[in-house]
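What follows is one structure encoded as structure tokens, with my remarks underneath.
The values are calculated or read from the model by the stated rules, or taken from the named source; none is laboratory data. For clarity, every value in this text was computed on a predicted model and none was experimentally measured. Methodologically, a virtual Cβ is constructed for each residue, glycine included, from the backbone with ideal geometry; neighbour enumeration extends over all protein chains shown. SASA here: full protein model, heavy atoms, side chains in, ligands and nucleic acids out. Shrake-Rupley method; radii C 1.70, N 1.55, O 1.52, S 1.80 Å.
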Amino acid sequence: MYKAPRGTSDILPQEQGYWSYITQKAIDIACLYGYQRLDTPTFENAGLFVRSIGEETDIVEKEMYSFQDRSKDRLTLRPEGTAPVCRAYIEHGMHSLPQPVRLYYFADIFRYERPQAGRYRQHHQFGVEALGDSDPALDAEVIDMAWQLYANLGLHNLSLYLNSIGCHSCRPGYLESLTANYSKRQDSLCPDCRRRLRLNPLRLLDCKKPSCIPLTEKAPKSIDYLCQECADNLESLQELLKLLNLPYLIEHRLVRGLDYYTRTVFEIAPEGELVAQATIGAGGRYDNLIEQLGGKPTPAVGFATGIERIVLNLKKQKVAVPAISPPFVFLAYLGPKAKYEAIKLSALLRKSGFSVTLTYGDRSLKAQLKQANTAGIRHALIIGEDEVNNRTIVLRNMDKGEQETIQLDKAVEKLRQAIGGSTRH
Ligand code: ATP
Ligand code: MG
């Protein structure tokens, strides 16, 4: 028997209510802030991700789904959403549009990770990117969007963690001090951190191994090493967050798993749970990425949120989401002549905007009505040989169990009355 590949899952009909709820709220937020949708391909040239995410990161080192296609092109299933957006920004000359260019996306994301609750090999993200402006007001806008999205979804008890990891001019000084601090403790480091110490010291702070966590707590803080410009930026951002009434916590261990970030980095997680798998959404500024990918120097900021993690938290917090409505009418028939009439009528009803279902295979009336009931359908139209001959049909209210015989050509009108105008519920 085949099963869905490890780390992937089917989103079953009964889960879809969560997904459409989240998708709609995300689109609403994007519209409220004036962001436009961009869809990029599921796969890109592998080089795009290696160049942007950074060679010494978990994603590039061990998590990418890369393959060679039949023309020997090296491709990668998208492991994150920002680099493709930047690629599209450059490719379509968006720097000549009014800046910042504000974009949002929905994307499935592929990472070869160890599957566990909240961590999959294929997951889905909603993300936004604002490109072409270095003003910290844009950072505040993006953080505000993330925060308002969760609030509109009905999630509560979340914390916003903030940090600044500096820029090309001040980060080297910080990394030197971080490296010196960790070098004294080489023996107590996990094997991954020993590598990080040599190749990507910033990522030392991101280690989730219990043995390394005490070291991260004692490590020097990037905010103590910021150049004047980065310090001013962080200061302005904090003022704006206060202005917008967004409570935040400075978390000096926050560095993010991708190399392209500069200055602002942030994460939103359930209160007191800044641990692996808890983060619902995260983002930051990436002022050098577009240039690094061959575009003009273009500062930018963005954030992405995992939809599966939102679903998990909606369930944990028992947030009720609107159910997806079942079809409005169930058409039951008895006998071959009635079947033809039922199919004809179903086409007419759908043209008039009614959502209709029927079951084929000539089952008993009892079986058909049972199906309507199980599906939660509130109105049934029942037609048999007699009704066909008399040009009538039975309209049954499934909730009340009441029914009446009506003229076949009055079915649309009668159903309209039954719902008072709206056709789907
Ligand atoms: P984590 O620290 O949990 O590994 P990350 O820093 O790798 O997350 P990002 O690359 O910032 O995550 O992705 C943005 C969001 O996507 C995360 O905050 C999380 O909600 C979600 N996410 C990331 N990886 C996964 C995954 N493997 N399965 C499900 N959701 C994920
Ligand atoms: Mg990760």
> How much length is gained on full extension from Ala137 to Ala347, taking 0.36 nm per residue of separation minus their Cα-Cα distance?
Replying inline: 70.2 nm
> For the charge dipole of the chain, defined by +1 on Lys and Arg C-beta atoms and -1 on Asp and Glu C-beta atoms about the Cα centroid, which residue among Ser169, Val394, Pro270 has the Cα displaced farthest towards the positive pole?
Replying inline: Val394
> Percent antiparallel among DSSP beta bridges with both residues in the range 329-419, to the nearest 5?
Replying inline: 55
> Sequence-distant or interchain residues sharing an amide H contact under 5 Å with His124, placed H: which?
Replying inline: Ile109, Ile307, Glu308
> Counting only protein heavy atoms, what percent of the accessible surface of the chain is carbon or sulfur at a 1.4 Å probe?
Replying inline: 51
>> Below 23 Å, Cα to Cα, which lysines can Lys400 reach? Residues fewer than 8 away in the same chain don't count.
In response: Lys366, Lys370, Lys410, Lys414
> Where does the chain land at 222 nm, in deg cm²/dmol rounded to the nearest 500, when only DSSP H runs of n ≥ 4 count, each adding -39500 (n - 2.57), divided by all residues?
Replying inline: -11000 deg cm²/dmol
> Going by the alpha-carbon gyration tensor, a ≥ b ≥ c the square roots of its eigenvalues, is the range 329-419 rounded (a/c under 1.5) or, if a/c is not under 1.5, prolate (a/b greater than b/c) versus oblate?
Replying inline: rounded
>> With every protein chain kept in place and ligands, DNA and RNA left out, what is the accessible area per residue of the range 329-419? Probe 1.4 Å, answer in Å².
In response: 55
>> For the range 208-289, what does the accessible surface come to per residue with a 1.4 Å probe? Please give it in Å².
In response: 45
>> At 1.306 mPa s and 10 °C, plugging the Kirkwood radius over alpha-carbon pairs of the range 1-103 into Stokes-Einstein gives what diffusion coefficient in µm²/s?
In response: 96
>> Give me the one-decimal nm value for the distance between modelled label points at Gln317 and Arg119, 7 Å along each residue's Cα-to-Cβ direction.
In response: 2.3
> Any idea of Asp39's accessible area? Nearest 10 Å², probe 1.4 Å.
Replying inline: 100
> How much of His95 can a 1.4 Å solvent probe reach, expressed as accessible area in Å² and rounded to 10?
Replying inline: 80
> With the Cα gyration tensor of the chain giving a ≥ b ≥ c as the square roots of its eigenvalues, does the rule (a/c under 1.5 for rounded; else a/b larger than b/c for prolate; else oblate) give rounded, prolate or oblate?
Replying inline: prolate
> Taking Cα centroids, how far is the range 50-74 from the range 132-171 in Å?
Replying inline: 28
> Quick one: of the DSSP bridges fully inside the range 1-114, what percent are antiparallel, nearest 5?
Replying inline: 75
> What trypsin sites (Lys or Arg not before Pro) does the range 310-356 have in DSSP loop regions with at most 13 other beta carbons within 10 Å?
Replying inline: Lys318
> What does the charge add up to near Gly166, with Lys and Arg as +1, Asp and Glu as -1, over the other residues with Cβ less than 10 Å from its Cβ?
Replying inline: +1
> What whole number of Å gives the distance from the Cα centroid of the range 218-266 to the Cα centroid of the range 330-368?
Replying inline: 62
>> Nothing charged except the Cβ atoms of Lys and Arg (+1) and of Asp and Glu (-1): what's the magnitude of the dipole of the chain about its Cα centre? Round to the nearest 20 debye.
In response: 1540
>> Students often check this: by mean Cβ neighbours within 10 Å, which of 85-91, 407-413, 123-129 ranks highest, and how do the rest follow?
In response: 123-129, 85-91, 407-413
> Leaving out same-chain residues fewer than 8 places away, which lysines sit with a Cα under 24 Å from that of Lys208?
Replying inline: Lys62, Lys184, Lys218, Lys221, Lys316
> With charges only on Cβ, +1 for K and R and -1 for D and E, what is the dipole size of the range 17-82 about its Cα centre, in debye, rounded to 20?
Replying inline: 260
>> Leaving ligands and nucleic acids out of the surface, order Cys193, Cys167 by accessible area at 1.4 Å, largest first.
In response: Cys167, Cys193
> Residue by residue through the range 379-394, which ³J(HN,Hα) values in whole Hz follow from phi under the Karplus form 6.51 cos²θ - 1.76 cosθ + 1.60 (θ = phi - 60°), with glycine and proline marked x?
Replying inline: 10, 10, 10, 10, 9, x, 4, 4, 4, 4, 5, 8, 6, 10, 7, 9
> Given a Förster radius of 56 Å and the C-beta distance between Ile250 and Thr374 as r, what FRET efficiency does 1/(1 + (r/R0)^6) yield to the nearest 0.05?
Replying inline: 0.55
> Where does each of Asp386, Asp135, Asp69 land when they are ordered by accessible area, with a 1.4 Å probe and the largest first?
Replying inline: Asp386, Asp135, Asp69
>> Please give the charge dipole size of the range 329-419, origin at the Cα centre, charges +1 on K and R Cβ atoms and -1 on D and E Cβ atoms. Round to the nearest 20 debye.
In response: 260
> Cα gyration tensor of the range 214-283, axes a ≥ b ≥ c as square roots of the eigenvalues: rounded (a/c below 1.5), prolate (a/b > b/c) or oblate?
Replying inline: oblate
